[in-house]
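The values are calculated or read from the model by the stated rules, or taken from the named source; none is laboratory data. This structure is a prediction, so every number in the text was calculated from the model and none was measured. Cβ: placed from backbone, ideal geometry, glycine included. Neighbour counts: every protein chain shown. Just the protein is used for accessible areas: all its heavy atoms, side chains included, with ligands, DNA and RNA removed. Shrake-Rupley method; radii C 1.70, N 1.55, O 1.52, S 1.80 Å.
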Amino acid sequence: MNVKRRTALSSTLAPHFTSVLGRFPRVRVLVIGDLMLDRYIWGQVERISPEAPVPVVRVTRESLHAGGAGNVAANIRSLGGAVVTCGVIGRDQAGRRLQQELNALGTDTTGMLASRTTATTSKTRIIAHSQQVVRLDREQSDTLDNRVRAHLRRFVQQRVRECDVVVVSDYGKGVIDADLLTQLAELRERHGFMYVIDPKRRNYAHYRGATLVKPNREEAGQATGIDIRTEASLQQAGMQLLDLWQAEAILVSRSEAGMSLFKRGAKVRPFPTTAREMFDVTDAGDTVLATCALALGAGATLEEATILANHAAGIVVGKVGTATVTPRELTDALRKNTLCVA
């Protein structure tokens, strides 16, 4: 009989995970995707405006962070990995600030192409008393011209062999397209790197051959046409996605319900959330993507990568705003939590 027991990570599995974390600095990751600048305006609400029924926010400070694929790169750097960032920014102030932020983190930004024909996507969030009041988006989602796309493909062709892991961070803003995804699938067949994807609707038909694809529950439902409301419908969707995307594994994130890992020839494995408090789920998926990429590049199994990513997500949702995780935070979380093992 298969008996399950509660085992403290501090006495059994924690040393193994500490070893995996110790290999993170040796892992080199190529992140390709939609780069954004996240701006936060922090303040306090003390009254309602006499001009309209809206809160008056007294601004106390502002902060800037790399967002989108840039946040994936920031999380990789925070966890100790080396990262090459590839994407498109505009020749504008937001683009310059984004590149400065990523350079300050120690990322390789030689794959960031500044284009005159597009604007840098930026999101401004106004936060008062740890709650988001409103978000302002500036973006230009027009199709990138052929010269820009050719430049991206050349860069990927040149640099992919230097990396242990390739990450596609698709926010649906236009950098990721069918031709680039076809190129990546062919390059993976040739070079055998780990390949991790965060999908978006416009490219559901084009993902192929990844080590791991990480949709959330809504995206898994969109891609399969299944209304995911039960464990049975979730399992049906997960198994369909393995075939649809020809992936080794599918990791469905389910917010407060945790994550579910699907692998070929294996039963679905649930991972309950480790979060104790949830203040902000903004960009938690970027943290999961970055942690999985580094863990797989460091030799972890898919299950081990999911455990690490689940704990990392549990940390960032307890923070407000675009956030990252450090190895120390992740180690402490692993020691404090317990894991149900066979």
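Please give the net charge around Gln236, taking every other residue with its beta carbon less than 12 angstrom from that of Gln236, where Lys and Arg add +1 and Asp and Glu add -1. Provide the component values of the computation, followed by the final result.
Working: positive: Arg229; negative: Asp227, Glu231, Asp243.
Within the 12 Å Cβ shell, the charges total -2.
Computed about its Cα centre, the charge dipole of the stretch 99-249 is approximately 400 debye, with only Lys, Arg, Asp and Glu carrying charge at their Cβ. For Ser63, Ser255, Ser169, the ranking by accessible surface with the largest value first comes to Ser255, Ser63, Ser169, using a 1.4 Å probe.
Selection among Thr109, Gly68, Phe193 by position relative to the dipole of the chain gives Phe193 as farthest towards the positive end (Cβ unit charges, Cα centre). Placing unit charges on C-beta atoms (Lys and Arg positive, Asp and Glu negative, everything else neutral), compute the dipole magnitude of the chain about its Cα centre in debye, rounded to 20. Here the chain has a charge dipole of around 540 debye. The label point for Glu46 and the one for Tyr204, both projected 7 Å from the Cα toward the Cβ, are 4.9 nm apart. Summing +1 for each Lys or Arg and -1 for each Asp or Glu among the other residues whose beta-carbon sits under 14 angstrom from that of Thr224 gives -1.
Need one word for the stretch 96-254: rounded, prolate or oblate. Basis is the Cα gyration tensor (sqrt eigenvalues a ≥ b ≥ c); a/c below 1.5 gives rounded, then a/b vs b/c decides. Could the numbers behind the result be given before it?
Values: a/c = 1.83, a/b = 1.13, b/c = 1.61.
Oblate, since a/c reaches 1.5 and b/c is not below a/b.
Determine, from the Cβ-Cβ distance of Gln235 and Asp137 and an R0 of 35 Å, the FRET efficiency 1/(1 + (r/R0)^6), rounded to the nearest 0.05. According to the calculation, E is roughly 0.50. Mean projected area of the convex hull spanned by the Cα atoms of the chain, taken over all viewing directions: 18.8 nm². You can think of it this way: the chain between Arg154 and Ser19 has 45.0 nm of extra reach, that is 0.36 nm per residue less the Cα-Cα gap. For the peptides 52-61, 204-213, residues were scored by their other Cβ atoms within 10 Å and the scores averaged per peptide; the highest-first order is 204-213, 52-61.
Counting only whole DSSP H helices of the chain, the ones at least 15 Å long by C-alpha along their axis and with mean Kyte-Doolittle hydropathy no lower than -1.0 are 178-191, 231-244, 284-297, 302-316.
Assuming charge only on the beta carbon of Lys and Arg (+1) and of Asp and Glu (-1), the dipole of the stretch 97-139 about its Cα centre is about 180 debye to the nearest 20. FRET efficiency for the pair Thr124 and Arg147, taken as 1/(1 + (r/R0)^6) with r the Cβ-Cβ distance and R0 = 22 Å, rounds to 0.15.
Loop only per DSSP, at most 15 neighbouring Cβ atoms within 10 Å: give me the chymotrypsin sites (Phe, Trp or Tyr not before Pro) in the stretch 209-301, ordered by residue number. Spell out each step's value before the answer.
On the way: sites: Trp245, Phe262, Phe279; in loops: Trp245, Phe279.
In loop regions of the stretch 209-301 (DSSP not H, G, I, E or B), the sparsely surrounded chymotrypsin sites (Phe, Trp or Tyr not before Pro) are Phe279.
If Arg116, Arg264 are ordered by their accessible area, calculated over protein heavy atoms with a 1.4 Å probe, which sequence runs from highest to lowest? If you can, show how the numbers build up before the last one.
Numbers: Arg116 195, Arg264 125 Å².
From most exposed to least exposed: Arg116, Arg264.
Roughly to the nearest percent, how much of the accessible area of the stretch 157-274 is carbon and sulfur, given a 1.4 Å probe? Numbers along the way, then the final one.
On the way: 2330 of 5290 Å².
Its accessible area is 44 percent carbon and sulfur atoms.
Residues Thr107, Thr117, Thr324, sorted by accessible area with the largest first, give Thr117, Thr324, Thr107 [1.4 Å probe; ligands and nucleic acids excluded]. Shown for the chain: lysine pairs separated by 8 or more places, or found on different chains, whose C-alpha atoms are under 14 Å apart, numbering 4.
State whether the stretch 120-162 is rounded, prolate or oblate according to the following rule on the C-alpha gyration tensor (a ≥ b ≥ c being the square roots of its eigenvalues): a/c under 1.5 gives rounded; otherwise a/b larger than b/c gives prolate, and the remaining case gives oblate. All intermediate terms of the calculation are to be shown ahead of the outcome.
Details: a/c = 7.70, a/b = 2.24, b/c = 3.44.
Verdict is oblate for the stretch 120-162.
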